[in-house]
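The values are calculated or read from the model by the stated rules, or taken from the named source; none is laboratory data. Remember, predicted model here, so these are calculated numbers, not experimental data. In this analysis, Cβ positions are derived from the backbone assuming ideal geometry, glycine residues included, and neighbour counts consider all displayed protein chains.
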Amino acid sequence: MIRKIVTFIVFLAASQWTFGQARELINFNTDWRFVLDDDLTFRHAGFDDNVWNPVTLPHDWSMGFDFGADYPAGNAGGALPGGIGWYRKSFSLNEQDKGKDIVLYFGGAYRYTEVWINGVYLGKHINGYLSFEHDLTKYLNFGNKKNVIAVRVDNSLQPNSRWYSGSGIYRDVRLEKRNPSHFLRSETFITTPMVAVAKSTVRVRSAIKGQGVQAVLKLIDAQGKVVAKKNITATKGTFDETLEISQAKLWDPKNPNLYQLEISLLSETNKVVDELHYKVGFRNFKFDEQTGFFLNDQPLKLLGVCLHHDLGALGSAFNKSAAKRQLLIMKDMGVNAIRTAHNPPAEELLDLCDELGILVYNEAYDMWKKRKNRFDYNIDFDEHHIPDLISFVKRDRNHPSVFMWSIGNEIREQFDSTGIAFTQEMSKVVKELDPTRPVTVALTETEYEKNFIAQARTLDVLGFNYKYFDYDKLPIQFKGVPLIASETTSALQTRGVYDNLHDTIQLWPASSKDKYVVNGNADFTVSAYDNVAAYWGTSHERAWLEVKKRDFLGGIFVWTGFDYLGEPVPYPYPARSSYYGIVDLAGLPKDVYYMYQSEWTEKDVLHLLPHWNWSIGQTVDVWCYYNNADEVELFLNGQSLGKATKNADQLHAAWKVPFETGELKVVKYQNGKAVQEVVKRTAGKATQLGVKVEHERYAVGDQTDLYFVTVDLRDEKGELVPNQDIELTFSGDSNSQILGTDNGFQADLNGLSRPTRKTHKGLAVAYVARQDITKGATLTIKSVLGEQKVTLK
């Protein structure tokens with residue numbers, strides 16, 4: 001078994017929509033029509049679809065419904081419908097496009113996707129999380145005669161997922177016009193064999209379709225300066241070349257320095273006939289079985305979270321600015337890595353991670369041949385797992401953020417000998433396509449003799465989920481293999497809810513014998529104190545402390561960064577989304593967010609919980625997360641209640657306080673000097689709304705940019721009101737569209753695409769888009785407190 005994995009990699013991100021004049025990429029997301037129905041006559045070019053609904057992609061049809069108990073996906077699948085839907089789009093091509101290769105590229109559609117062009121069947125795509133393309137060239141019309149694309153998406157076999165999958169063409173679609181001679185993007189692979197101060201190298205391998213044999217490679221720095229250039233000749237339709245530079249700026253989470261690689265294919269007359277652009281990041285990394293993970297020769301603890309693919313009120317319909325919001329909220333907390341649980345992500349998510357400096361543990365499968373749901377990927381595994389794995393690795397291997405491949409999560413074949421052959425087969429495939437990154441699986445069996453996936457002895461890193469009490473035996477059981485905590489915690493919380501604390505962590509449900517918690521909260525909430533977890537998990541503090549003190553664990557991946565649709569442990573319906581997140585579904589942090597921020601960042605953190613609206617006679621557990629201080633002191637109405645500290649086994653200060661109306665204040669001291677304070681006051685009844693609009697930080701510079709509008713309730717003095725909720729109605733003018741609303745409450749059954757939302761614990765969020773990004777827009781918020789207008793610039 002490999003004792004140490006050392007990898008020197010270049011990281012790249014394919015540019016999104018334009019590759020210059022030689023290769024034309026057209027955003028194909030607009031002017032589609034949709035119907036939730038099924039009839040094969042819909043495939044015909046002459047079918048009249050005028051009565052269908054106009055939609056813009058990405059599109060998740062399930063989000064158009066209220067949550068319901070009777071949908072076959074169940075509340076584990078998000079309590080929303082699947083079904084079969086059809087999409088159609090008409091388009092024209094110029095006569096000048098004759099002779100080009102014209103391809104339709106889908107970023108992803110869930111689940112089974114069949115495509116027709118002008119009535120001709122092009123094929124069926126099986127994997128709902130992978131990109132795919134169809135060559136339209138032979139079947140197209142040019143000039144005045146229209147072309148018609150018809151797409152049938154089938155998500156009717158339910159249940160097929162342990163979480164909410166979404167339904168429809170939920171990622172971007174583009175039309176590519178390529179000259180007959182062009183690069184094969186799937187065969188392009190770029191690495192950095194050498195990363196050093198004196199010299200760094202970029203190795204570029206690619207293949208060419210057609211007659212072009214001359215190519216030019218350029219490496220361009222962030223200031224636009226060409227730092228390396230090479231003219232090459234491609235013999236036999238392939239090339240393998242190297243560029244050299246000195247004093248390369250390295251890529252890492254704090255400084256994600258990127259270069260641009262430009263690959264140009266030339267005709268005999270030196271005309272550019274094709275061009276690809278990639279982003280290049282220089283770094284080296286290694287895993288060591290004793291000392292963990294190293295990036296650029298420096299030790300780096302992987303501070304990670306697991307993220308599902310939905311974007312809250314948008315469902316699975318990918319939006320780059322919404323994804324950027326999620327990633328930046330995580331990065332502000334101190335995250336330097338994410339795990340794409342448990343499926344290939346949108347390519348644009350990886351682009352963002354490249355740019356923002358977030359390492360990606362990229363995962364392919366949640367199951368192999370042994371199922372977790374009746375209709376999950378197990379029914380397609382035999383025929384498709386190798387082609388899908390090849391597609392996955394080739395698509396994502398040129399991203400700077402991707403540092404490790406996972407071929408499975410909690411795979412049931414780890415418990416029998418079939419796991420050996422499957423692991424060996426898939427590991428071999430991945431390493432043939434990309435020998436520069438380690439391969440892993442997220443495991444649960446901590447006894448080597450019972451773990452047949454580990455016994456395959458082809459994995460470079462072993463991930464273990466939960467069971468922190470077994471950590472110390474892992475280096476003994478699995479000798480010579482680097483280790484990570486691939487999934488931890490599974491603590492449960494509802495933002496803004498505070499129940500009486502118990503002396504020990506409460507397990508909801510208590511064991512595998514119970515499907516749901518017994519004697520939980522009648523309102524389907526869970527306390528936001530870090531004191532409740534699923535029976536296989538533990539608190540956030542405990543999970544982090546156990547990884548923090550073990551150098552041999554390369555890092556932690558917390559389950560989960562955000563709440564997500566589906567899997568609402570510990571409750572049955574009407575609960576319909578998860579309680580696991582450090583941040584709620586609406587993007588509002590729960591209190592434990594600040595525990596991580598105090599541990600994972602150098603920012604000055606001082607966070608006091610809970611609110612200060614209680615009843616006389618109640619004794620309240622008061623907690624404080626802090627850092628960069630020796631101690632903290634609590635005051636109630638000016639009277640000191642004593643100083644407190646956190647310690648090696650508890651990452652918060654705590655007091656028990658008899659409630660009095662007034663002001664609760666915590667002061668942070670360093671070297672005896674007060675350096676920071678936070679105050680919470682008893683609030684009166686809500687008399688006004690507070691509105692915060694976030695846009696610029698999360699913008700990506702295109703038509704899809706969103707405005708995230710957070711509304712809170714305030715009393716006449718401007719204090720936040722945490723114990724009163726009212727209904728809000730959001731409406732836009734002619735240049736704005738309400739895409740969704742949310743309040744983070746896991747059992748709110750009002751559909752998330754609706755413009756009306758009741759606040760939860762005094763907060764709600766609206767997702768708003770401008771139709772024309774060159775013009776302003778006005779948002780109106782109506783409630784019993786009156787009407788408020790907000791300008792969106």
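When each of L300, L311, L266 is tested for being buried (at least 23 other Cβ atoms within 10 Å of the Cβ) and either more than 21 Å from M333 (Cα to Cα) or of a type outside the set (F, W, Y) (or both), the lone residue that passes is L311.
To keep it simple, each residue is scored yes or no on (1) closer than 19 Å to N343 by Cα; (2) among the polar types (S, T, N, Q); (3) assigned by TED's automatic domain parsing to the domain that holds G408.
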site: K428; (1), (2), (3): no, no, yes
site: P438; (1), (2), (3): yes, no, yes
site: A442; (1), (2), (3): yes, no, yes
site: F452; (1), (2), (3): no, no, yes
site: T458; (1), (2), (3): no, yes, yes
site: Y466; (1), (2), (3): no, no, yes
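Could you please let me know if N94 is in contact (Cβ under 8 Å) with a residue 24 or more places away in the chain and loosely packed, with under 15 Cβ neighbours inside 10 Å? Considered against the rule, which asks whether it is in contact (Cβ under 8 Å) with a residue 24 or more places away in the chain and loosely packed, with under 15 Cβ neighbours inside 10 Å, N94 comes out as yes.
Take the residues of the stretch 749-778 that are β-branched (V, I, T) and under 30 Å from D523 (Cα atoms): which is surrounded by the fewest Cβ atoms within 10 Å (Cβ to Cβ)? The selected residue is T756.
Kindly indicate whether any position in the stretch 609-621 is assigned to a loop (DSSP other than H, G, I, E, B) and touching a Pro at 6+ places or on another chain (Cβ under 6 Å). Yes, there is a match, as at least one residue in the stretch 609-621 is assigned to a loop (DSSP other than H, G, I, E, B) and touching a Pro at 6+ places or on another chain (Cβ under 6 Å).
Residues are listed down the side, and each one gets a yes or a no for (1) part of a loop (DSSP other than H, G, I, E, B); (2) loosely packed, with under 15 Cβ neighbours inside 10 Å; (3) at pLDDT 95 or above; (4) not polar (S, T, N, Q):
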position: P193; (1), (2), (3), (4): yes, yes, no, yes
position: R203; (1), (2), (3), (4): no, no, yes, yes
position: A207; (1), (2), (3), (4): no, no, yes, yes
position: L219; (1), (2), (3), (4): no, no, yes, yes
position: A222; (1), (2), (3), (4): yes, yes, yes, yes
position: V227; (1), (2), (3), (4): no, no, yes, yes
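If you go through the stretch 678-702 and keep only what is surrounded by 15 or more Cβ atoms within 10 Å (Cβ to Cβ) and either of a type in the set (D, E, K, R) or at pLDDT below 95 (or both), you end up with K680, R681, E694.
Considering only the stretch 775-792, state which residues are under 30 Å from the mean Cα position of the chain (by Cα) and free of Cβ contacts under 8 Å to residues at least 40 places away in the same chain. Selection gives T791 alone.
Set side by side, the residues T440, T458, T488 differ, and just one is over 30 Å from V204 (Cβ atoms) and either basic (K, R) or modelled with pLDDT of 95 or more (or both), which is T488.
Within the stretch 595-637, the set of residues being farther than 16 Å from L303 by Cβ, surrounded by fewer than 18 Cβ atoms within 10 Å (Cβ to Cβ) and of a type in the set (S, T, Y) comprises S615, T619. Which pairs have Cβ atoms under 6 Å, sit 6 or more apart or on different chains, and link a residue in the stretch 530-551 that is closer than 14 Å to L303 by Cβ to one that is part of a loop (DSSP other than H, G, I, E, B)? As it stands, the answer is H540/D530; H540/V592, since those pairs meet every condition given.
Residue-wise test of (1) of a type in the set (D, E, K, R); (2) crowded, with 21+ Cβ neighbours inside 10 Å.
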{"site": "L130", "(1), (2)": "no, yes"}
{"site": "N141", "(1), (2)": "no, no"}
{"site": "N144", "(1), (2)": "no, no"}
{"site": "S156", "(1), (2)": "no, no"}
{"site": "Y164", "(1), (2)": "no, yes"}
{"site": "D172", "(1), (2)": "yes, yes"}
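Test N451 against the criterion of being farther than 28 Å from R283 by Cβ and of a type in the set (S, T, N, Q), and give yes or no. Yes; evaluated as a whole, the condition is true for this residue. The requirement of being touching a strand residue (DSSP E or B) at 6+ places or on another chain (Cβ under 8 Å), assigned by TED's automatic domain parsing to the domain that holds F552, among the charged types (D, E, K, R) and assigned to a helix (DSSP H, G or I) is satisfied by E355. Just one residue in the set L295, L243, L250 is farther than 30 Å from A485 by Cβ, of a type in the set (A, V, I, L, M, F, W, C), surrounded by 17 or more Cβ atoms within 10 Å (Cβ to Cβ) and in contact (Cβ under 8 Å) with a residue 40 or more places away in the chain; that residue is L243. Checked against the criterion of being of a type in the set (V, I, T) and more than 26 Å from the chain's Cα centre (by Cα), the stretch 759-769 has no qualifying residue.
In the set T488, T458, T504, T423, only one residue is touching a residue at least 24 places away in the same chain (Cβ under 8 Å) and in a loop (DSSP other than H, G, I, E, B); that residue is T458.
Across the stretch 1-45, the number of residues qualifying as at pLDDT below 50 and part of a strand (DSSP E or B) comes to 8. Looking for something within 28 Å of the chain's Cα centre (by Cα), in contact (Cβ under 8 Å) with a residue 12 or more places away in the chain and over 18 Å from N319 (Cβ atoms) - is there at least one such residue anywhere in the stretch 37-51? Taking every residue of the stretch 37-51 in turn, none turns out to be within 28 Å of the chain's Cα centre (by Cα), in contact (Cβ under 8 Å) with a residue 12 or more places away in the chain and over 18 Å from N319 (Cβ atoms).
To keep it simple, each residue is scored yes or no on (1) surrounded by 16 or more Cβ atoms within 10 Å (Cβ to Cβ); (2) of a type in the set (K, R); (3) outside the structural domain of H760 (by TED's automatic domain parsing); (4) in contact with a helix residue (DSSP H, G or I) (Cβ under 9 Å, 6 or more places away or on another chain).
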| residue | (1), (2), (3), (4) |
| --- | --- |
| D551 | no, no, yes, no |
| I582 | yes, no, yes, yes |
| L585 | yes, no, yes, yes |
| Q639 | no, no, yes, no |
| A644 | yes, no, yes, no |
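Taking the criterion of being among the polar types (S, T, N, Q), under 18 Å from K279 (Cα atoms) and over 18 Å from the mean Cα position of the chain (by Cα), the only residue of the stretch 384-409 that qualifies is N398.
For V305, the conditions (1) in contact with a strand residue (DSSP E or B) (Cβ under 8 Å, 6 or more places away or on another chain); (2) closer than 30 Å to D97 by Cβ are fulfilled apart from (2). Assess whether I126 counts as being within 25 Å of the chain's Cα centre (by Cα), surrounded by fewer than 19 Cβ atoms within 10 Å (Cβ to Cβ) and more than 30 Å from G281 (Cβ to Cβ). Here the answer is yes, as I126 does meet what is asked.
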